[in-house]
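Since every read-out is calculated from the coordinates, none of them should be taken as a lab result. If you're wondering where the values come from, they're calculated on a predicted model, not measured in any experiment. Cβ placement follows ideal geometry from the backbone for every residue including glycine, while neighbour counts extend to all protein chains displayed.
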Amino acid sequence: MMSQKKYVLVTGGLGYIGSHAVAELINQNFTPVIIDNLSNSDQSTLKNLENLTKTKIFFFDQDIRNFDFIKLIFSKFDFYAVMHFAGLKSISESFIRKDEYNEINVLGTKNLVREMLENNVSRFIFSSSATVYGQPLKLPIDENEPLKSTNPYGQNKIDVENYLKDLSINNKNISTICLRYFNPVGAHKSGMIGENPLGKPNNIMPLICNVACGESELLYVYGDDYETDDGTGIRDYIHVTDLVLGHISALNYCDKFNGYLALNLGTGYGVSVKELITKFENVNHIQIPYVLTKRREGDVAKVFANPKMAKKILGWKAKLSLEDMVKDSWNWNYLRKLNT
Ligand code: UD1
């Protein structure tokens with residue numbers, strides 16, 4: 001007997017995390033349907049995804065704010081679930097384009113969820129972020145840490161989480177899981193998809209790769225006077241492959257529960273900026289010249305997850321090492337530069 005297709009609407013499916021989720025969904029026999037407005041992604045990612053998965057993928061160049069289109073797509077597909085990655089994600093930009101951030105990240109999400117409910121689609125996986133913890137009171141950070149934000153982008157994530165929480169009180173059938181990402185890095189093992197930011201990146205791994213390939217001369221290390229062993233900031237870097245496996249586990253868990261759930265997706269290990277640079281240099285045999293400069297405004301000293309709840313509830317745990325992260329990040333960037 002032909003098995004029924006499980007269509008999953010993936011918003012932002014050509015972005016960094018979204019594209020890896022699409023590859024894994026196909027690998028696990030789901031049928032993704034991508035909508036992406038290409039505001040921070042590139043159509044070449046679609047081609048690479050199709051080559052990688054040997055599958056023709058449904059793709060619509062659309063904005064989640066186009067409500068007529070959202071209505072239309074829900075009328076065309078009988079969705080099994082929605083994975084919502086689309087959104088703006090720069091902290092500094094969120095101060096300058098506050099209204100637009102709110103419109104896309106919060107109102108866009110609400111419209112999407114309303115349409116989902118109209119069509120009796122009950123499974124919703126939301127890309128949240130460890131940014132919802134602001135300056136944490138306690139380390140490692142667990143999910144009971146109070147939510148607070150120091151910037152409009154972080155507030156957008158908190159607003160959506162609160163909306164989903166309220167919604168689940170009145171809608172007993174919905175299963176909504178907010179996944180709070182720590183610092184996603186790395187790329188698909190094949191080297192065919194990876195982080196492909198338009199314009200100058202803000203995050204450390206793409207910046208290290210820019211130095212490694214000679215596109216930038218130096219890396220600026222933001223502060224060496226934090227209260228950490230080597231003075232540089234500590235983060236919980238997680239391989240994007242582990243991250244998307246967490247999404248699949250969450251999707252499968254939707255069958256076993258109704259309501260709202262928020263889970264950390266991190267490794268539980270803190271790594272300093274200097275440790276990250278050294279690991280990159282040793283694994284990839286490339287020197288990364290850097291200069292120490294003052295702290296970046298809004299940065300905190302240490303952020304790392306307590307990932308036990310995701311292990312307990314989803315049976316998910318990050319498995320890939322820091323070595324895998326630096327190796328796969330560089331492999332993707334190296335191949336990309338070769339091809340451009
Ligand atoms: C940033 C975002 C956060 C987002 C996360 C993952 C900010 C303030 N926060 O977090 O909302 O969820 O990315 O995408 O932008 N660093 C340098 N030199 C650089 C760049 C970074 O030393 O050129 C340091 C930072 O000070 C920090 C670490 O590297 O200690 C990681 O920085 P980054 O990759 O930007 O991530 P976060 O600041 O943790």
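Among 11-23, 148-160, what's the highest-first ranking by average C-beta atoms within 10 angstrom per residue?
Highest to lowest by the protection proxy: 11-23, 148-160.
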Show me the trypsin sites (Lys or Arg not before Pro) within the range 1-92 that DSSP assigns to loop and that have at most 13 other Cβ atoms within 10 Å of their Cβ. LYS5, LYS54, LYS56
Take LEU137 and SER321, extend 7 Å from each Cα along the Cα→Cβ direction, and tell me the distance between the two endpoints in nm. 3.8 nm
State the extension gain, in nm to one decimal, for the chain segment bounded by GLU118 and ASN51, taking 0.36 nm per residue of separation less the distance between their alpha-carbons. 20.6 nm
Under 24 Å from LYS6, Cα to Cα: lysines that are on another chain or at least 8 residues apart: LYS47, LYS54, LYS56, LYS71, LYS76, LYS110, LYS172, LYS256
Filtered chymotrypsin sites (Phe, Trp or Tyr not before Pro), the range 255-334: DSSP coil and at most 14 other beta carbons within 10 Å: PHE257
Amide H neighbours of LYS302 under 5 Å, counting only residues 5+ apart in sequence or on other chains, H built in-plane at 1.01 Å? ILE234
Applied in sequence order to the range 91-99, the curve 6.51 cos²θ - 1.76 cosθ + 1.60 (Karplus, θ = phi - 60°) yields integer Hz couplings, x standing for Gly and Pro, of 4, 5, 5, 5, 6, 7, 10, 4, 5
What's the center-to-center distance, using Cα atoms, between the range 168-198 and the range 1-48 in Å? 12 Å
Convex hull projection area averaged over all views, the range 93-187, Cα basis, nm²: 7.4 nm²
May I ask for the angle, rounded to the nearest 10°, between helix 240-253 and the longest principal axis of the chain, with both axes built from Cα atoms and the value confined to 0 to 90°? 30 degrees
³J(HN,Hα), Karplus 6.51/-1.76/1.60, whole Hz, each residue of the range 294-309, x for Gly, Pro: 6, 4, 7, 4, x, 6, 10, 5, 9, 9, 8, 8, 9, x, 5, 5
Calculated diffusion of the range 42-120, Stokes-Einstein form, Kirkwood radius summed over Cα pairs, 4 °C and 1.567 mPa s, µm²/s: 90 µm²/s
Any idea what the dipole of the range 143-233 comes to, in debye rounded to 20, about its Cα centre with Lys/Arg Cβ at +1 and Asp/Glu Cβ at -1? 660 debye
Using only the alpha carbon atoms of the range 1-141, find the Kirkwood hydrodynamic radius as the inverse mean reciprocal pair distance, in angstroms to one decimal. 16.1 Å
